[in-house]
Amino acid sequence: MSSYETTIEEARADRRELVTVERDGDRAIVRMTDSTNLNALSAPLTLQLQDALSGLVSDRELRSIVLTGEDPGFSAGGDINLMKSSHPTIDEGRQGTTMAWRWIRNQFGGVVRTIARTDKAFIAAVNGAAAGVGLAFALASDIVIASEEARFVPAFMRIGLLPEVGTSWLLTRRIGYQRTFELFAGGRILSGAEAYDMGLANAVVPHDELMARALAWCDRISALPEHALLMSKPLLRQAADMTWEQALTMEEFAEPNCFTTADHREAVGAFLEK
């Protein structure tokens, strides 16, 4: 079994371009491009994705990031070959199962933490199958736009795995325990329309309109006062784990800061002029 360090080194040596970045002003499109493998999260692709996102979220000029895959898939989830390399026996290798733990935490978990913790808005444009960890990347985003060809695949249990990379938290809070259990245990594949009906996507659109609809959200983000996004995203991300009283108190402290901004004063003035 490869060690964690060897896996990183070998992945860095892969010269294929598996992730592309398109910049346009205050937004970027990040596209996974290993389409022949349905953008499965191999070690090279995952590291390239992590590097791309880390660079973008540190850019102060950027406000929104669209995450998508090259047709026909968004991401088929964890790469089978990478999973196979993480199958040690109890006495095989010095790192044992901690190799898989380090990869899941630092790479797969690193991506979802980047999505959740940055003050940039993430829009997942789900163009095809989003399975396993790929599904986690989509659900962790701030907005999910699904193509009519999208497929949401929470099939962890069917291959002997558990919900990972935050999907248990994300799904139980959106659709409740029993419906989440049904998806994981039943291995049901959801169409884009079904995902929308269940509240897992903000919209379902014709496939050829997917990117235009995702970029329309970038336009909406661009039109917001800068502080509104910077303050609202961390507040909303934490609200699910707060009591009502705690959320109320947090909002009471945050709101007066908005009153001091030029954007708020100008918006109030424009409203009164009407």
> Within the bounds of region 53-67, is there any residue that is of a type outside the set (Ser, Thr, Tyr), within 14 Å of residue 108 (Cβ to Cβ), at pLDDT 95 or above and part of a helix (DSSP H, G or I)?
Replying inline: yes
>> Suppose we keep only residues that are touching a residue at least 60 places away in the same chain (Cβ under 8 Å), touching a helix residue (DSSP H, G or I) at 6+ places or on another chain (Cβ under 6 Å) and charged (D, E, K, R) within region 120-157. Which one would you say is farthest from residue 170 (Cα to Cα)?
In response: 149
>> Restricting to region 186-211, name every residue that is of a type outside the set (Ser, Thr, Tyr), out of contact with any Asp or Glu (no Cβ under 8 Å at 6 or more places or on another chain), touching a residue at least 12 places away in the same chain (Cβ under 8 Å) and open to solvent by 50 Å² or more (accessible area, probe 1.4 Å).
In response: 189, 194, 202
> Of the numbered conditions (1) farther than 30 Å from residue 102 by Cα; (2) in contact with a helix residue (DSSP H, G or I) (Cβ under 8 Å, 6 or more places away or on another chain); (3) of a type in the set (Phe, Trp, Tyr), residue 196 satisfies every one except a single condition; which is it?
Replying inline: (2)
> Out of the residues in region 154-199 that are charged (D, E, K, R) and in a loop (DSSP other than H, G, I, E, B), which is farthest from the chain's Cα centre (by Cα)?
Replying inline: 188
>> Out of 245, 209, I need the residue that is farther than 24 Å from residue 65 by Cβ, of a type outside the set (A, V, I, L, M, F, W, C) and in a helix (DSSP H, G or I). Which one?
In response: 245
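Give the number of residues within region 146-167 that are small (Gly, Ala, Ser), surrounded by fewer than 21 Cβ atoms within 10 Å (Cβ to Cβ) and under 21 Å from residue 115 (Cβ atoms). Break it down stepwise before answering.
Keep residues of region 146-167 that are small (Gly, Ala, Ser), which gives 146-147, 150, 155, 160, 166.
Applying the additional criterion that residues be surrounded by fewer than 21 Cβ atoms within 10 Å (Cβ to Cβ) yields 155, 160, 166.
Right, trim to under 21 Å from residue 115 (Cβ atoms) and you get 166.
Adding up the residues that qualify gives 1.
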> Which of the residues spanning region 248-264 are of a type in the set (Ser, Thr, Tyr) and either open to solvent by 50 Å² or more (accessible area, probe 1.4 Å) or in a helix (DSSP H, G or I) (or both)?
Replying inline: 249, 260
> Which residue pairs have Cβ atoms closer than 7 Å, lie 6 or more positions apart in sequence or on different chains, and pair a first residue in region 25-37 that is closer than 13 Å to residue 71 by Cβ and of a type in the set (Val, Ile, Thr) with a second residue that is open to solvent by less than 30 Å² (accessible area, probe 1.4 Å) and in a strand (DSSP E or B)?
Replying inline: 33/19
> What's the number of the condition residue 230 fails, among (1) touching a helix residue (DSSP H, G or I) at 6+ places or on another chain (Cβ under 8 Å); (2) farther than 27 Å from residue 128 by Cβ?
Replying inline: (1)
>> I'm told residue 22 meets every condition in (1) open to solvent by 60 Å² or more (accessible area, probe 1.4 Å); (2) within 25 Å of residue 121 (Cα to Cα); (3) touching a residue at least 12 places away in the same chain (Cβ under 8 Å) except one. Can you identify the failing condition by its number?
In response: (3)
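The values are calculated or read from the model by the stated rules, or taken from the named source; none is laboratory data. The structure displayed is predicted, hence computed values, not measured ones. As a convention, Cβ positions derive from the backbone with ideal geometry for all residues, glycine included, and neighbour counts pool all protein chains shown. Accessible surface is based on the protein model in full, side chains and every heavy atom, while ligands, DNA and RNA are left aside. Shrake-Rupley method; radii C 1.70, N 1.55, O 1.52, S 1.80 Å.
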